[in-house]
Amino acid sequence: MHSVTDVRRSILPPVTARTLDTPGRPGVYYQGFDYGAREIQVDIILAESTLESLRSRVRNLAAWLRPDDTPRPLVFDDEPELTWYAVLSGDTNLEEIVTVGRGTLTFLCPEPYAIGPERVLTIADGATVTAQGTADTYPIIRATVQRDITFLSIGTVDRYVLLGTPSEVEQASVPPYERIMSDELTTTEGWVDGLDADGGLVAGTMTSNGNEFVVADYGIGSGWHGPALQKGLPELVQDFRVTMWVQAINGKAEVGRVEAYLLDQTGAIIGKIGLADKYAGRDEMWGIARAGNLANGTYIINEYGDRRGVWNDFYGVLRIGRVGNTWEAYIAKYDPVKRVYHTRRLRRWTDTKGRWTAPLARVQLHAGAYGENPPMSVRILSVTVERVNKLQLSDVPIIAGPGDEIEIDCERFAVRLNGEHALELLDPSSQFFVLRPGEPVTFDVSPPGAATVELRYRERWL
């Protein structure tokens with residue numbers, strides 16, 4: 001048996017006054033205050049019938065309490081609707097008397113507030129919301145766009161967040177990117193066999209299972225070998241970006257790669273992006289992006305990310321593009337639950353000698369294995385090619401269109417477009433806002449009817 005005999009929570013977390021000392025003036029200027037981390041002490045008792053069962057209970061409790069990389073939820077029976085986020089801190093000494101153990105556990109709450117359940121409200125222009133709690137609440141606004149927009153503004157009486165630029169009636173609204181090919185890879189119709197892959201043999205078969213491209217057969221080879229399919233674009237594209245969604249699951253035994261090649265009119269490789277695990281006996285996924293071919297190209301990305309293994313078991317996006325003579329490559333994992341991109345890498349390189357400026361004519365998808373090593377599991381989910389439009393000074397760029405999702409996170413001062421960070425859309429005059437407890441807030445949403453807007457927040461309690 002185990003039970004909690006007492007919980008001690010302070011009225012407020014530690015309060016530190018901010019002051020400014022001015023020479024020649026008695027006292028100090030008061031500059032406000034800061035809350036420190038909160039500590040919660042919990043007295044426990046463990047009672048068992050034997051010493052052996054007591055030791056087993058203590059070990060199970062230790063495994064449950066072991067600190068993690070991030071604070072974990074802590075809920076008490078007297079406030080079941082509120083959650084503290086805490087880590088175990090300090091000593092965990094247990095006073096044992098025969099088969100009974102008594103001790104005190106100290107939990108450190110880096111954020112000194114209890115958090116209420118998430119509330120989700122649909123708001124429109126003129127909607128009023130009143131948050132409860134005893135501390136300021138930072139909302140998340142999620143807007144699902146219904147039509148092309150050049151701006152989105154969400155405001156309160158004294159603050160607003162403006163994304164993009166409102167356009168005058170005489171100004172042209174122009175999309176910065178325009179899709180010329182978007183393939184969900186539900187069929188291989190329109191795709192033909194590829195001819196070349198870096199340092200390897202094109203062999204085997206790639207097919208569609210009705211949802212994505214998968215490898216039916218890698219063929220045979222002593223080095224890199226595997227299938228490739230390519231597809232021509234409806235037009236030549238000078239300034240472009242190519243986006244491929246993939247899932248690549250690797251392990252210590254598996255070796256493999258998945259790549260998208262950029263081809264010109266002659267079929268020559270002018271660039272590529274992909275993932276590769278080249279290590280037998282070790283799981284370490286690398287991201288690779290290159291302007292040019294294998295012999296003479298320049299690598300924009302050629303690394304394992306922020307730390308070894310961070311791109312293992314990859315699900316996310318690979319993107320490469322060119323505007324003028326500047327190349328850009330982007331690799332990011334995607335969290336489908338939180339709907340955000342993470343573990344990202346963005347790199348740019350300028351082709352000052354103008355070596356890789358041929359128009360993009362075709363895209364080739366390739367998956368490879370090496371020798372007789374077991375291949376990693378590869379799914380290619382989609383590929384999109386977009387033209388990058390050149391905007392005139394009088395043009396106003398369209399920032400989002402039907403189905404796009406914009407998220408404004410007022411706590412983290414973040415803006416995301418379809419899960420990707422898009423702080424560049426934020427107008428410098430913007431101010432992220434808070435919901436103060438008990439104060440009604442009336443929202444201004446512009447342009448009216450252009451998006452379905454959700455307000456998400458979790459009330460905070462001292």
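The values are calculated or read from the model by the stated rules, or taken from the named source; none is laboratory data. Here the structure is a predicted model, which is why all the values come from computation and not from measurement. Cβ sites come from the backbone with ideal geometry, for glycine too, and all protein chains shown count toward neighbours. What goes into the accessible areas is simple: the full protein's heavy atoms, side chains included, and nothing from ligands, DNA or RNA. Shrake-Rupley method; radii C 1.70, N 1.55, O 1.52, S 1.80 Å.
What are the semi-axes of the equivalent ellipsoid for the range 349-462, taken as the square roots of 5 times the Cα gyration tensor eigenvalues, largest first, in whole Å? Don't jump to the answer; show the numbers that get you there.
Values: eigenvalues 327, 122, 45 Å².
Listed largest to smallest, the semi-axes of the range 349-462 are 40, 25, 15 Å.
Within the range 76-152, the trypsin sites (Lys or Arg not before Pro) that combine a DSSP coil assignment with at most 14 other C-beta atoms in a 10 angstrom radius are ARG147. Equivalent ellipsoid of the range 1-80: semi-axes from √(5λ) of the C-alpha gyration tensor, largest first, are 44, 14, 12 Å. Against the chain, whose longest principal axis is taken from its Cα atoms, helix 51-65 shows a tilt of about 60°. Using C-alpha pairs under 8 Å with a sequence gap of at least 6, the mean separation divided by the residue count of the chain gives a relative contact order of 25 percent.
To the nearest 0.05, how large is the calculated FRET efficiency for LYS338 and ASP158 if R₀ is 35 Å and r is the Cβ-Cβ distance?
Numbers: r = 30 Å, r/R0 = 0.86.
Here the calculated transfer efficiency is 0.70.
Across the range 24-125, the convex hull enclosing all Cα atoms gives 230 Å³ per residue.
Counting alpha carbon pairs within less than 8 Å and at least 6 residues apart, what relative contact order, in whole percent, applies to the range 126-235? Walk me through the numbers on the way to the answer.
Numbers: 129 pairs, mean separation 20.4, N = 110.
The normalised contact order for the range 126-235 reaches 19 percent.
Here r is the Cβ-Cβ distance between ARG307 and ASP21 and R0 is 45 Å; the resulting FRET efficiency, rounded to 0.05, is 0.55.
Taking other residues whose beta carbon is less than 10 angstrom from the beta carbon of VAL383, and scoring Lys, Arg as +1 and Asp, Glu as -1, yields -1. The stretch between ALA124 and ARG456 holds 118.2 nm of extra length on full extension. This uses 0.36 nm per residue minus the Cα-Cα distance.
Would you mind pulling out the separation of the Cα centroids of the range 106-140 and the range 351-370, in Å? Their Cα centres are 48 Å away from one another. Quick one: go through the range 368-399 and flag any residue whose amide nitrogen is under 18 Å from the point 7 Å out along the Cα-to-Cβ line of GLN171. Within reach of a label on GLN171, which here means backbone N under 18 Å from a point 7 Å along Cα→Cβ, the range 368-399 contributes 389-399. On the range 1-137, 53 percent of the accessible area sits on carbon and sulfur atoms, based on a 1.4 Å probe. Close amide H contacts of TRP327 (hydrogens built in the peptide plane, cut-off under 5 Å, sequence separation of 5 or more or a different chain): TRP349, THR350, ASP351. Taking only the alpha carbons of the range 336-416, we obtain Rg and Dmax values of 19.2, 58 Å in that order. Using bins of 5 Å that start at zero, the share of Cα-Cα pairs per bin across the range 63-187 amounts to 2, 6, 10, 12, 11, 10, 10, 9, 9, 8, 5, 3, 3, 2, 1, 0, 0, 0, in whole %. The spacing between the range 390-406 and the range 284-320, judged by their C-alpha centroids, is 29 Å.
Determine the alpha carbon to alpha carbon distance for each of LYS252/LYS333; LYS338/LYS390; LYS272/LYS390 and list only those over 31 Å. Mind showing how you got there, number by number?
Working: LYS252/LYS333 20 Å; LYS338/LYS390 34 Å; LYS272/LYS390 24 Å.
Pairs exceeding the cut-off: LYS338/LYS390.
Stokes-Einstein at 4 °C, 1.567 mPa s, Kirkwood radius from Cα pairs: D for the range 305-378 in µm² s⁻¹? Answer from the Stokes-Einstein relation: 85 µm²/s. Potential lengthening of the chain between THR207 and ARG355 amounts to 49.9 nm, from the contour at 0.36 nm per residue minus the alpha-carbon distance. In the chain, the calculated helix contribution to ellipticity at 222 nm averages -1000 deg cm²/dmol per residue, counting -39,500 (n - 2.57) for every DSSP H run with n ≥ 4. Solvent exposure of the chain amounts to 51 Å² per residue of accessible area, where only protein heavy atoms count and the probe is 1.4 Å.
Every Cα-Cα pair in the chain was counted, and those over 31 Å apart are 59% of them.
For ARG66 and GLU420, a Förster radius of 30 Å and the Cβ-Cβ distance give a FRET efficiency of 0.30, rounded to the nearest 0.05.
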